[in-house]
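All of the numbers you see were taken from the coordinates with simple rules; none came from a lab. From a predicted model like this one, the values you see are computed outputs, not experimental measurements. Cβ sites come from the backbone with ideal geometry, for glycine too, and all protein chains shown count toward neighbours.
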Amino acid sequence: MKKVATNGPMKAFTINLSNFFTFAIIYLYRMQFAKIHLSPQQIKLVTDPEWILTKNEILRQLKDSFSDLHTAQQNLIKAAGLPEEVLQTIGKISRGENYLGLPWIVLDNPRHFIRHHIFAVRTMFWWGKYFSTTLHLSGKWQEHFRNKLSNAHSRLQQNNFTICHNGNEWVHDVLSESFTPINRISLPSFEAILAESPFIKIAACTGMENIENATEILMEQFGFLIDSVSNG
């Protein structure tokens, strides 16, 4: 009886102490948790699934249109007389949610991404921004097509193409300061860029206001770039 009487209060004390530490730990964690502060507009969006479903449907349709675009590109590539080496890897459509915070869809075709020796044409949709087409060359392919691109200088100027040739090779924002309008570059300077730069990216874009005609515009841009390096 004495043992029971002694252990009873001690057991209760132990339980109470355990509860105290549990609540203390929970309280301390709560003090560290970041509060969720949403604006009325953000609350409206997070409680409404329709806008995200609409966004997903838009991206689905755009991906389907890129698939059709790939088929059309293949027909043009077959007639262009491009080196077989750069055509060994088939075109690919990729999709993501966060290029500088925004969703994107990319079609790489051709997509010969060999380190220091790249030949690729990238067609891109960037949510809220634009559609773009970019010819990306480096190494032996840059040297291989240098004269052809030099001959296309005036046409690239007339069609508002831009060029990136230094800095970060993987900047895809063709309206960023990394890209310079070719109509601001003289032919001798353009030829020097083609000969001396570690890579070149020649690009054009069209705004979202042209979304209903985007496939046709992108195909025109693609055809122009392929023609600029074509043996046909």
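Before moving on, here are some points about what is shown:
- Choice from Ile43, Ile90, Ile200 with maximal GNM fluctuation in the chain (Cα, 10 Å cutoff): Ile43
- In segment 86-232, Cα pairs under 8 Å separated by at least six residues give a relative contact order of 22 percent.
- The residues neighbouring Arg146, those whose beta-carbon lies less than 11 Å from its own, together hold a net charge of -1 under the Lys/Arg +1, Asp/Glu -1 convention.
- In order through segment 52-63: 3J(HN,Hα) via Karplus (6.51 cos²θ - 1.76 cosθ + 1.60), integer Hz, x for Gly, Pro: 6, 5, 5, 4, 5, 5, 4, 5, 5, 5, 5, 5
- Pairwise FRET efficiency - Lys148 versus Glu212, Cβ, R0 = 22 Å, nearest 0.05: 0.10
- Members of Lys35/Lys63; Lys92/Lys140; Lys92/Lys129 lying beyond 32 Å, as alpha-carbon distances in this model show: Lys35/Lys63
- In terms of its Cα atoms, segment 66-162 spans 38, 31, 27 Å along the principal axes, sorted from long to short.
- 0 to 90° range, to nearest 10: angle between helix 2-32 axis and the chain longest Cα axis: 30 degrees
- Between Ile52, Asn147, Leu38, the Cα set farthest toward the positive side of the dipole of the chain (charges on each charged residue's Cβ, about the Cα centre) is that of Leu38.
- Rg over Rh for segment 94-232 works out to 0.94, both radii taken from alpha-carbon positions and Rh defined as the Kirkwood radius.
- Reachable aspartates and glutamates, given that their alpha-carbon falls under 15 Å from the alpha-carbon of Lys78 and they are not under 8 places away in the same chain: Asp227
- Structure-based [θ]222 nm, the chain - -39500 (n - 2.57) summed over DSSP H runs of at least 4, per residue, nearest 500: -15000 deg cm²/dmol
- The chain: Rg to Rh, with Rh as the Kirkwood radius over Cα pairs: 1.34
- Residues in segment 180-191 carry Karplus couplings, in order, of 10, x, 5, 6, 9, 10, 5, 4, x, 5, 5, 5 Hz; the curve used is 6.51 cos²θ - 1.76 cosθ + 1.60 with θ = phi - 60°, and Gly or Pro positions show x.
- Other-chain or far-sequence residues with amide H under 5 Å of Ile114's (modelled H): Phe119
- Between segment 157-232 and segment 66-85, the alpha-carbon centres lie 19 Å apart.
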